[in-house]
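The values are calculated or read from the model by the stated rules, or taken from the named source; none is laboratory data. Computed from a prediction, not measured in an experiment: that's the story for all the values here. FYI the Cβ positions are ideal-geometry reconstructions off the backbone, even for glycines, and counts take in every protein chain you see. These area figures cover heavy atoms from the full protein model, side chains too; ligands, DNA and RNA do not enter into them. Shrake-Rupley method; radii C 1.70, N 1.55, O 1.52, S 1.80 Å.
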Amino acid sequence: MANIAIGIHGGCGTLAPHLLSEVDWAETRQHLADSLHSAWKILSRGGRAVEAVEAAVVVMEDSPHFNAGHGAALTEHSEHELDASIMDGETLGAGAICAVRTIRNPIKAARAVMEKSDLLLIAGAPADEFAQRVGLDIVPNSYFTTPRRVEALASLKAKSARQEIAMASEAERHGTVGAVALDAKGNLAAGTSTGGFNNKPGGRVGDSPIIGAGTYAANGICAVSCTGMGEIFIRRVAAYDVSARMRYAGKGLREAADAVIAAVGSHKIGAGLISVDAGGKVYAPFNTLGMARGWVETDGRVYVATHQEVHAMGVA
Ligand code: ASP
C-alpha cells in the first residue's frame, strides 16, 4: 500500500497534569485515539485526505476535552463563536467559516463552503444560515458550553479584575483542534477548528479560519494546522511559512516547522502545530508544557500524548 498518514492536535494550551483527574486525562487520550481511528479507516480504504481530516476533526469537536465544537471557549459575553477551515492540497481548494454560533461541527461547514459554494470564507450569521441550507446539524449556542469552560471564564474574569491577566496560563485561555493527512494517491489536506480563546471579545477572529495562517496544504510539500495565539500566527503567515521554507529553501519538514515555532514563539506566546510531509512523515512541535496530539505509524500503530510521555493506543 502507498504511504498514508494522519496526525492530529488538540491544542497547545494543555493543562498541567495535576489540574485534571486521571479519568479525564484517560478520556482525552481515548478521544484522540478515536479521532485517529476514524481518519485511518477512511485512508486505509483508499479515501481522500480531505475526508480523513474532516472525520478526525469531527471527533474532537464532539468531545468536551478540546476547545472546538462542544467544549469550545466562551467569549467575554459567555457565548461561543467558532472558527474553522479546511484545505485540499491537490487543488489548493479551501473553505472556511468564522464567528458562527449554531453549527454543531464547524469543520463540516468549512468543507461545504469549499465544495458547495464559490466562496472561501463566510462570516457570522450568514455562515450559520449557509450551514443550515446545506443540511448540516444546527444546535443552540448552549450546546457548546461545558462546566470547565464556565469555570475558566470566571477565573479569567477574576484575574483580569485584579489586573493579573498576564498570570493566566495558556491553558486557561487557549486551545484548538486540527488534523493533517496524506492519502494513498499522494494528496495532502489540513483542517483546523476552534472556539478561539476564553474571554475573547465578541467578533474576534483568529488564525484558524485563515488559510495560510492557521491551515495550509499543498501536494508534494506538506499540510499544516496551527495552535496558539492567532494574532501572531496571522502576522507570521505561519502555516504557509512552513511550506515556503520547504519549497523555496529546500528545508525538510522538521527544520521548517521548528523554525516557524521559533519565529512565532519569539513573540513570547505558546505555539504548536501538527504537520505532515509528502512522504507521510508527521511532526508535531510545540513550545508549551504540553500539546494534545496523536499520529498513526505506517504499520497502523496508534500513538497519543498530552505532555512529554507518549502512549501506545493499539492498532488502527
Ligand atoms: N489559534 C486559536 C486562535 O487564535 C487558538 C489556539 O489555538 O489556542 O483562535
* **All positions within region 183-204 that are away from the ligand (no atom under 14 Å from the Cβ) and in a loop (DSSP other than H, G, I, E, B)** => Asp183, Ala184, Lys185, Gly186, Asn187
* Can you run down the residue pairs with Cβ atoms below 7 Å, 6 or more apart or on separate chains, where the first is in region 17-46 and without any contact (Cβ under 8 Å) to a residue 60 or more places away in the chain and the partner is part of a helix (DSSP H, G or I) and among the small types (Gly, Ala, Ser)? => Ser38/Ala55; Ser38/Ala56; Ile42/Ala52; Ile42/Ala55
* Restricting the search to region 292-316, which residues are part of a strand (DSSP E or B) and touching a residue at least 12 places away in the same chain (Cβ under 8 Å)? -> Arg293, Gly294, Trp295, Val296, Arg301, Val302, Val304, Ala305, His311, Met313, Gly314, Val315
* Within region 1-15, track down each residue that is in contact with a Ser or Thr (Cβ under 8 Å, 6 or more places away or on another chain) and buried (at least 24 other Cβ atoms within 10 Å of the Cβ). => Ile4, Ala5, Gly7, Ile8, His9, Gly10, Gly11, Cys12, Gly13, Thr14
* To do: Take region 241-268 and flag every residue that is in contact (Cβ under 8 Å) with a residue 12 or more places away in the chain, open to solvent by 10 Å² or more (accessible area, probe 1.4 Å) and either touching a Pro at 6+ places or on another chain (Cβ under 6 Å) or among the hydroxyl-bearing types (Ser, Thr, Tyr) (or both).
  => Asp258, Ile261
* Asked: Do any helices (runs of 4 or more DSSP H) lying entirely in region 205-291 carry at least 2 residues that are on the phi < 0 side of the Ramachandran plot, more than 16 Å from the ligand (Cβ to nearest atom) and in contact with a Cys (Cβ under 8 Å, 6 or more places away or on another chain), and which ones are they?
  -> 238-249, 253-265
* Do the conditions hold for Gly47, that is, is it assigned to a loop (DSSP other than H, G, I, E, B) and surrounded by fewer than 21 Cβ atoms within 10 Å (Cβ to Cβ)? -> yes
* Given the conditions (1) touching a His at 6+ places or on another chain (Cβ under 9 Å); (2) within 16 Å of the ligand (Cβ to nearest atom); (3) open to solvent by less than 70 Å² (accessible area, probe 1.4 Å), report the number of the one that Arg101 does not fulfil. => (3)
* To do: Could you tell me whether any residue of region 21-36 is away from the ligand (no atom under 16 Å from the Cβ), in a helix (DSSP H, G or I), more than 14 Å from Tyr303 (Cα to Cα) and open to solvent by less than 40 Å² (accessible area, probe 1.4 Å)?
  => yes
* Restrict the check to region 209-218 and report whether at least one residue is in contact (Cβ under 8 Å) with a residue 12 or more places away in the chain, closer than 27 Å to Ala16 by Cβ and either open to solvent by less than 20 Å² (accessible area, probe 1.4 Å) or among the acidic types (Asp, Glu) (or both). => yes
* In region 58-67, residue farthest from the ligand (Cβ to nearest atom) [restricted to those that are buried (at least 24 other Cβ atoms within 10 Å of the Cβ) and assigned to a loop (DSSP other than H, G, I, E, B)] -> His65
* Can you tell me which residue within region 68-98, out of those that are touching a Phe, Trp or Tyr at 6+ places or on another chain (Cβ under 8 Å) and in a loop (DSSP other than H, G, I, E, B), is surrounded by the fewest Cβ atoms within 10 Å (Cβ to Cβ)? => His70
* Asked: Glu297 fails exactly one of the following numbered conditions: (1) within 13 Å of the ligand (Cβ to nearest atom); (2) modelled with pLDDT under 95. What is the number of that condition?
  -> (1)
* Within region 165-179, identify whether any single residue is out of contact with any Ser or Thr (no Cβ under 6 Å at 6 or more places or on another chain), modelled with pLDDT of 95 or more and within 15 Å of the ligand (Cβ to nearest atom), and answer yes or no. => yes
* Asked: Among the residues of region 134-156, is any of a type in the set (Gly, Ala, Ser), within 16 Å of the ligand (Cβ to nearest atom) and in contact with a helix residue (DSSP H, G or I) (Cβ under 9 Å, 6 or more places away or on another chain)?
  -> yes
* In region 116-152, how many residues are over 21 Å from the mean Cα position of the chain (by Cα) and part of a helix (DSSP H, G or I)? -> 11
